[in-house]
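The values are calculated or read from the model by the stated rules, or taken from the named source; none is laboratory data. Keep in mind that this is a model prediction, so the values were computed, not measured. We place every Cβ from the backbone using ideal geometry, glycine too, and count neighbours over all the protein chains shown. Heads up: the accessible areas ignore ligands, DNA and RNA and are worked out on the full protein's heavy atoms, side chains in. Shrake-Rupley method; radii C 1.70, N 1.55, O 1.52, S 1.80 Å.
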Amino acid sequence: MTAFLVADGGADGPRPLTTDEANRLAITRFRNYQAQGRAMTITVPGTASGLTVTGSVDYRRKVGYGVVHGTGRDKSSDGLIQWTPTSVRVRPMTDAPAHAPASPPRSGWYDRPLLSSGSALDTSLSIALGLGGDRPDNAELLPQNGAAWWGREQVDGRRVDVMTGPSSPDRSGTAGNVRYWIGSDGTMYRVRVSVDSQPEPVVIDFDTHAYVPVEPVPGTTPAR
């Protein structure tokens, strides 16, 4: 199932968040943490051809697992992937499945550090892990730091509000770089993030398939 958007007749923003909207934005990452994990499809931008990662993230253990597919003719990155905030394990496959097997294969994995810059894939993986938090954000500070409401749309039949996040604490003027599609209970259904040096944003669609609990790659110790 691929997420899609249709206009829902709401007036276009931006405008300041209402109290209810600020509260929903404040709890949206906490909702992911409460759910333990979420299934998602990550669209990774690229100058020539991008990638998609179809998988799941466990927000309690901060680990993701899925399958990578090239969106163009280049299939060199295709295969399974598991990642944490500091490391990436990849298992190249010439004929990668649509969905990663529930239990990771026991062999064929390669380890590397997760890069903090210079890799659109690693940036996208890090963003996906960061969309869960063990406590709500401060709803009062969000509007003060530039968070705003932009409109109403539908994602796979669900009515959502589109909101932009506040400026990063360490980077003023970045309000609006992250856009959220949030349901009436604060559930996150889509996120779009502008990335430095990339012409297109990272897009993360949630609930595109059934969530599968993330099992560690054999021979590794899961993060706690």
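Here are some notes:
- Tallying residues that are without any contact (Cβ under 8 Å) to a residue 24 or more places away in the chain and open to solvent by less than 10 Å² (accessible area, probe 1.4 Å) within segment 79-92 yields 1.
- Against the list (1) at pLDDT below 95; (2) over 30 Å from residue 101 (Cα atoms), the condition residue 184 fails is (1).
- For first residues located in segment 107-135 and without any contact (Cβ under 8 Å) to a residue 40 or more places away in the chain, partners that are of a type in the set (D, E, K, R) and lie 6+ apart or on another chain with Cβ distances below 6 Å form the pairs 108/91; 111/89; 114/122; 115/122.
- If the condition is being surrounded by 19 or more Cβ atoms within 10 Å (Cβ to Cβ) and either touching a helix residue (DSSP H, G or I) at 6+ places or on another chain (Cβ under 7 Å) or of a type in the set (S, T, N, Q) (or both), then segment 32-42 contributes 32, 38, 40, 41, 42.
- Unique residue being open to solvent by 40 Å² or more (accessible area, probe 1.4 Å), over 22 Å from residue 212 (Cβ atoms) and touching an Asp or Glu at 6+ places or on another chain (Cβ under 6 Å) when the list is 49, 76, 116: 49
- Residue pairs meeting the criteria (Cβ under 9 Å; at least 6 apart or on separate chains; first touching a residue at least 12 places away in the same chain (Cβ under 8 Å), in segment 193-204; second among the hydrophobic types (A, V, I, L, M, F, W, C) and open to solvent by 30 Å² or more (accessible area, probe 1.4 Å)): 193/127; 193/178; 194/178; 195/127; 202/127; 204/127
- Here residue 65 clears all of (1) touching a residue at least 40 places away in the same chain (Cβ under 8 Å); (2) under 26 Å from residue 197 (Cβ atoms); (3) open to solvent by less than 50 Å² (accessible area, probe 1.4 Å) except the condition numbered (2).
- Residue in segment 128-141 that is outside any loop (DSSP other than H, G, I, E, B), modelled with pLDDT of 95 or more and open to solvent by less than 40 Å² (accessible area, probe 1.4 Å) present: yes
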